[in-house]
1. Explain nothing, just the number: relative contact order of the chain, from Cα pairs under 8 Å at least 6 residues apart, as a whole percent.
2. Using only Cα atoms, tell me the angle between helix 2-19 and the longest principal axis of the chain; keep it within 0 to 90° and round to the nearest 10.
3. When Lys and Arg each count +1 and Asp and Glu each count -1, what net charge do the other residues less than 15 Å away from Arg277, Cβ to Cβ, add up to?
4. Can you sort Val190, Val207 by 1.4 Å-probe accessible area, starting with the largest?
5. Give the carbon-plus-sulfur fraction of the accessible surface of the stretch 211-271 in %, rounded to a whole number; probe 1.4 Å, heavy atoms of protein chains only.
6. Using alpha carbons only, what's the Rg to Rh ratio of the stretch 40-87 with Rh from Kirkwood?
7. Could you tell me how many degrees, from 0 to 90 and to the nearest 10, lie between the Cα long axis of helix 297-310 and the main elongation axis, the longest principal axis, of the Cα atoms of the chain?
8. Remind me, what semi-axes does the stretch 21-162 give for its equivalent ellipsoid, largest first in whole Å, using sqrt of 5 times each Cα gyration tensor eigenvalue?
Amino acid sequence: MKNVLTITLCSILTLANVLLPTPAAATEIKAHQPSKKVAMLISGHGNSDPDLTYDLEELVQSYLIFHHNNVKVDIVTPKGGAVLVKPNKDDLAHVTDFKTKTTGLDKLANTLSAEQAGENDYDALFIVGGDGAVFDLPFDASTQQWITTFAKSNTPIAAVCHGPAALVNIKLDDGTYYVANKYVNSFTYVEDSAFKKEHLDKYPMIVQTELEARGAHFIANNPMLPFVARDGNLITAQNPTSVAKAAEALLIAMGITPAARIAFKDEATMELIAMARSMGVAQLDIAMTKNPERYDIMYLALYGLYAYKLADTAPDKAITLQLMEKIGEYFKHPQYATHMINTYLEMGDQQQAKHHFENAKQQFTDFTLPVSLAEKLGI
């Protein structure tokens, strides 16, 4: 029996040596593979309305991931030409890298039109979000015609945040909507209502609503938390902190193993919150003790300021409140303390509200509450 087993193993190993290349050969094959090429579609609407444009940071993070994985990139807008480049994120290291260490700025100064891009071959399409995406991408005829070629050929497509707006009207040869019966997501209705109030009345569509109207199966995470859906060659991501993972998922759909990288700070922070929600707030203590430099304290604070009002069930609110308390241990600020006091007052928990008030007086010199809150607290 031992001899039979030995012969069998030897046979398998011999066959493996014949069928599989040696490590050196594998490296040589990879080195001679042609570089893949991605088209990145962004809105050009910001040229006429600077408040409603593409999301530069979403573009930057995904562009850098493609760049570091040796993927060629064309940047495309519906009409082509130069687009607005905002300076408001120039303090971020990855935005500076994009502007100084790649040719990204040159491409933004001379984007291809959808019509021009239609003359090229691409291995995948990546649709960037931002408010502008809902204004021009779903309605420009050339853009829609070009996107349809990807859908009909089953070429990998990723669309992030508001980017899936570009897909809602795309139809296949049989007349069905491309997104019908697919699991997809986007910036959610709840997130739009919470964070886009000042622009929402201008929007020609709410992306989640339109996706669902076309028969898509909409799936999502809690508001503000990362989520990437994949259904075949369609990849969709919920919000800005999901974008980098969506870019890597697109690489995988293209047959590329993403290179190792350090997560962007906003990405890492919201992933930490998602982990703490599912595995307990101790996860936040562990991470902030071991590697505090990996995380963005302002994103922690942002979650603490907004998440409770967006929670819609009692268990969800309980978990969120625990996280808010824990975040307050790392983000010490009078505004956050006031927010905690107000939250407990709205819950009717006078004792906890007073507890936070006393703590705030000890932490912050001359701490005072707005008159309305002081009256509710009875001080």
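1. Normalised by residue count, the contact order of the chain is 11 percent.
2. 90
3. Within the 15 Å Cβ shell, the charges total -3.
4. Val190, Val207
5. The C+S portion of the solvent-accessible surface of the stretch 211-271 is 56 percent.
6. Computed over Cα atoms, the ratio is 0.99.
7. Long axis of 297-310 versus the principal axis of the chain: about 80 degrees.
8. Over the Cα atoms of the stretch 21-162, the semi-axes work out to 27, 20, 12 Å.
The values are calculated or read from the model by the stated rules, or taken from the named source; none is laboratory data. No experiment lies behind these values; they were computed from the predicted model shown. So basically every Cβ, Gly included, is an ideal-geometry build from the backbone, and we count neighbours across all protein chains shown. Just the protein is used for accessible areas: all its heavy atoms, side chains included, with ligands, DNA and RNA removed. Shrake-Rupley method; radii C 1.70, N 1.55, O 1.52, S 1.80 Å.
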